[in-house]
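Visitor: My questions will all concern the structure given below.
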Amino acid sequence: MIDNNTTKKVFVDASRLITEACVQAGADVFIGYPITPANLLYSYAVARYPEMMAAPDEITTLQWMSGFAAAGKIPVTATSFPGYALMIESIGMAHMMELPMVIILVQRLGPATGTATCGAQGDINVIHGSLSGGYQLPTLCASNYDDCWTLAGKAVHLAAELRSPVVLLTSKEMIMTLRSYDWSQLPNIEKIKLNNETKASVYKPYAPQANLVPEYLPYTQNKHQVRITASTHNQAGILQNLAPEALENSARLQEKMLKNLDTFTYYDYDKQEGAETLLLSMDVSSQATREAAEELRKQGKKVSVLIAKTLFPIPQVYLEIAEKYKKVVVVEENFDGQYRKLLFGYAGRKGVSGINGIGKMISPNEIMEGVNNE
Amino acid sequence: MSNQAFLSGGELPFCKGCGHTGIAQNTEKALQKMGMNPLDVIMVTDIGCHGIVDKNFLTHTFHGLHGRSVALASGLSAALNNPDKKVIVFVGDGGATIGINHIISAAHLGFNLTVVVHNNMLFGMTGGQPSEFTPQGFKTPTLPDGSHKNSFDICSVISSIEGTYVRRVTGIGDFSDALAETFAVKGFSLVEVMEMCPSYGVKSNPGMKLKTVVEASGLQTEVFADTDGRVFQPNKKEQTASLLNPKYEVTAKFSHNLSNKVKIMMAGSAGEGVQGAADMLAQAGMTAGLNVTKKGSYPVTVGVGFSAAEVILSPEEILYNGLYIPDVLIITSQDGLDYSKPAAKKMTTGTIFIDASLEAPETGAKVIKVPFREKVGARNSALASIFYYTKKYQSFEFEALKSVFATSKLSAKIDINIFLDL
């Protein structure tokens with residue numbers, strides 16, 4: 001009845017955890033433009049970040065962030081689809097420039113302005129298609145409050161480690177719901193700092209290191225010339241047309257993500273021996289999926305659960321796990337199963353189905369019905 | 001004056017006779033006059049012919065998107081926050097057209113940078129389309145009859161913003177002093193350099209001289225505003241407190257009677273305390289050792305319409321934080337009734353507590369009418385409902401709720417006894 005003394009339970013929303021984790025991880029500045037349902041992140045940022053800037057619009061937000069990122073700071077913003085849509089060209093710019101930053105995308109119900117106060121998981125395709133040319137933004141997605149802490153910190157680290165914009169994908173009911181939560185066991189998060197010097201005699205801003213990530217140097221130093229550009233460029237950062245070195249550099253942008261993907265592949269795989277059905281989900285639907293699996297097991301039904309936390313680039317291991325099951329049920333709160341189609345294609349695969357919906361959270365009951373009706 | 005080179009020795013990448021060449025050369029000369037170190041200068045370039053010059057600069061270079069260069073430079077300038085660094089933005093009249101909001105914003109906020117508008121009165125890189133800066137009568141390849149409107153006067157617009165330095169020059173000959181004076185400003189400065197595109201402007205307007213166009217357009221080549229001194233001040237904090245404040249920790253000191261979770265939906269009107277009451281109910285549950293979640297639901301309007309909350313009280317860990325079908329539905333207003341009718345219809349068991357003034361919804365649940373609004377008023381009806389629920393249901397000790405209420409700000413304004421007599 002009475003709590004164990006070692007626990008420290010709080011009544012808390014996940015926006016608080018995410019904000020604190022980002023700052024502890026080394027985020028220097030929050031640049032914000034208000035939008036529902038990301039406003040709690042903005043409010044907490046005012047109190048917690050070392051620096052906070054209120055931008056006049058979302059395009060400016062991303063441009064300011066890029067300016068900060070080029071000056072040795074790790075910026076963070078939070079938005080929802082309408083804001084993200086405005087940011088996309090600039091996110092592409094920051095990705096090509098290889099500037100570290102974190103964009104927290106809080107999903108709400110679309111299309112268009114939709115319903116700002118209703119959750120959704122409808123922006124998976126938008127993230128996947130944000131960059132021209134089939135390049136991928138590293139995208140992490142928390143499945144519960146523990147993840148909100150850990151993955152928010154990791155997103156900041158990853159942005160610095162990969163020299164790239166990183167998306168932390170979440171949704172309204174994940175970050176605005178208040179919960180009783182034991183925060184006594186939160187792991188420490190190390191503070192990361194961007195590099196500000198080099199041993200190279202001539203610094204090349206886009207010369208890859210062994211992990212294919214180029215060494216970062218900010219404009220704050222005046223020992224080495226830094227050239228940063230969003231146009232197709234060579235290793236020196238000089239605009240090129242279709243020179244082989246420049247095209248190699250562009251290809252490297254995706255290769256560096258894939259080469260380092262193992263360092264940021266996060267998922268939960270709850271395997272039940274003998275199960276022929278795999279439930280696969282992410283974000284807030286993970287909790288309904290976990291609950292459905294518990295209930296199904298109580299009923300004697302064998303099911304395994306895969307929770308994807310690294311959405312992009314898609315880790316190969318998800319497909320390898322899915323391959324082992326006759327039936328795969330992908331649970332996501334959108335019109336027709338965006339992540340399912342990315343995993344299995346429009347042709348699909350025999351035994352693969354989706355539980356989808358709009359305008360309300362998918363419940364464990366719907367998932368159980370879906371599995372039992374298979 | 002220094003002899004440090006700011007441009008590499010190679011040829012500049014512009015058509016013969018292009019004013020962009022003069023701007024690049026005069027920029028180098030101006031920076032030499034100022035004695036700047038090239039690596040304390042960051043040249044930020046936009047998209048357009050002028051933007052391909054960055055490879056010739058020996059400064060730091062930053063080449064972004066069309067029209068967004070001033071915003072990019074603004075972020076950089078704010079982050080540098082260093083008067084010894086010089087941020088210079090090269091933008092064309094096309095980029096200044098699409099990005100005018102960024103220029104206005106940067107001027108308004110006083111970012112420490114200089115914008116050099118290369119105004120050749122058309123889009124040169126894409127074939128000579130008109131911009132907002134194309135003057136009346138000026139022809140371009142896609143505007144063969146000439147523009148029917150006056151050109152946009154960026155100097156007048158930006159100089160109307162307090163604390164800016166703004167001037168216009170004709171980009172012929174040596175104008176490095178004008179550039180140096182502009183670069184030396186601390187805060188936001190803008191210089192518009194008038195030029196003529198040799199490929200599209202000159203060919204479309206044979207015999208027309210730059211000076212004639214500028215004069216005919218009524219564009220003055222002068223200093224418009226000289227109010228140096230209002231520089232952006234970053235909003236920085238040396239130390240901020242952790243958001244994981246122990247004051248939010250809740251100690252379980254009461255007991256509960258639940259063996260299964262209870263899912264409660266509260267539906268009322270905005271401004272009648274639904275969210276606060278739901279928070280209080282959940283917190284009271286926590287002080288009784290229960291796991292809780294509270295999810296809010298409301299329209300985008302802040303002070304009108306429905307306001308609903310879903311609270312789960314559970315002896316076990318809660319995963320899914322939705323209700324699906326509530327066990328208990330509390331309706332305190334007509335807005336709440338309208339909102340919760342679908343939920344009420346789904347209920348085949350459980351209880352609905354509804355304000356006595358309202359008509360019972362269609363449901364299989366037991367309906368109990370309670371005069372919340374009449375007894376405590378509309379504003380306190382939601383609070384009254386959680387006291388009523390707790391007393392009636394005994395999910396946890398009633399003292400838990402009284403204790404949470406007593407420590408809330410509301411206790412100073414509302415006498416708890418009004419809730420105890422229901």
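Throughout, read-outs are computed from the coordinates displayed, never taken from laboratory work. Note that the structure is predicted; figures quoted are calculated from it, not measured. Methodologically, a virtual Cβ is constructed for each residue, glycine included, from the backbone with ideal geometry; neighbour enumeration extends over all protein chains shown.
Visitor: Measure of size requested: the Rg and Dmax of region B:297-400, with Cα atoms as the atom set and Å as the unit; please supply both.
Guide: So, for region B:297-400, Rg and Dmax equal 13.8, 38 Å respectively.
Visitor: Sort out for me the Cα centre separation of region B:14-73 from region B:311-382, rounded to whole Å.
Guide: First find each Cα centre; the distance between them is then 65 Å.
Visitor: Compute the distribution of all C-alpha to C-alpha distances in chain A, in bins of 20 Å from 0, and list the percent of pairs in each, rounded to whole numbers.
Guide: Per 20 Å bin, starting at zero, the Cα-Cα P(r) for chain A comes out as 29, 56, 15, 0 percent.
Visitor: Using only alpha carbon pairs under 8 Å that are at least six residues apart, calculate the relative contact order of region A:267-372 and give it in whole percent.
Guide: Contact order relative to length: 31 percent.
Visitor: How large is the convex hull of the Cα atoms of region A:9-182 per residue, expressed in Å³ as a whole number?
Guide: 96
Visitor: Compute the distance from the alpha-carbon center of region A:212-226 to that of region B:202-227, in whole Å.
Guide: Here the answer is 41 Å between Cα centres.
Visitor: A further question follows. Report the Cα centroid-to-centroid distance between region A:309-374 and region A:166-207 in angstrom, as an integer.
Guide: Distance between centres, Cα-based: 28 Å.
Visitor: Roughly what % of Cα-Cα distances in region B:150-302 sit above 20 Å, to the whole percent?
Guide: Considering region B:150-302, 72 percent of its Cα-Cα pairs are separated by more than 20 Å.
Visitor: Going 7 Å from the Cα of B:K236 along its beta-carbon direction, which residues of region A:184-199 have the amide nitrogen within less than 19 Å of the resulting point?
Guide: Answer for region A:184-199: A:192-197.
Visitor: Seen from all sides and averaged, what is the projected area of the convex hull of the Cα atoms in region B:63-140, in nm²?
Guide: Projected over every direction and averaged, the Cα hull of region B:63-140 covers 5.3 nm².
Visitor: Which distance in nm do the two modelled labels at B:N82 and A:Y269 give, with both placed 7 Å along the Cα-to-Cβ direction?
Guide: 4.8
Visitor: Let me ask something else. Which entries of A:K172/B:K85; A:K73/A:K259; A:K256/A:K309; B:K33/B:K211; A:K298/B:K253 have Cα-Cα distances beyond 30 Å here?
Guide: Violating the 30 Å Cα-Cα cut-off are A:K172/B:K85; A:K298/B:K253.
Visitor: Considering every Cα-Cα pair within the protein assembly as shown, what fraction, in whole percent, is farther apart than 37 Å?
Guide: 50
Visitor: Still on this structure, please answer the following. List the pairs from A:K301/B:K391; A:K193/B:K86; A:K9/A:K193 whose alpha-carbon separation is above 29 Å, in the order I gave them.
Guide: A:K301/B:K391; A:K9/A:K193
Visitor: Give me the base-10 log of I(q)/I(0) for region A:267-372 at each q in 0.16, 0.21 Å⁻¹, Debye formula, one uniform scatterer per Cα, rounded to two decimals.
Guide: For region A:267-372 at q = 0.16, 0.21 Å⁻¹, log10 I(q)/I(0) is -0.61, -1.12.
Visitor: Based on the Kirkwood radius over alpha-carbon pairs, what is the Stokes-Einstein translational diffusion coefficient of chain B at 25 °C with 0.890 mPa s viscosity, in µm²/s?
Guide: It comes out at roughly 92 µm²/s.
Visitor: Rg/Rh for region B:1-127 to two decimals, with Rh computed the Kirkwood way over all alpha-carbon pairs.
Guide: 0.95
Visitor: Moving on to the next point. With helices defined as uninterrupted DSSP H runs, which ones in chain B have an alpha carbon span along their own long axis of at least 24 Å and mean Kyte-Doolittle hydropathy of at least 0.0?
Guide: none
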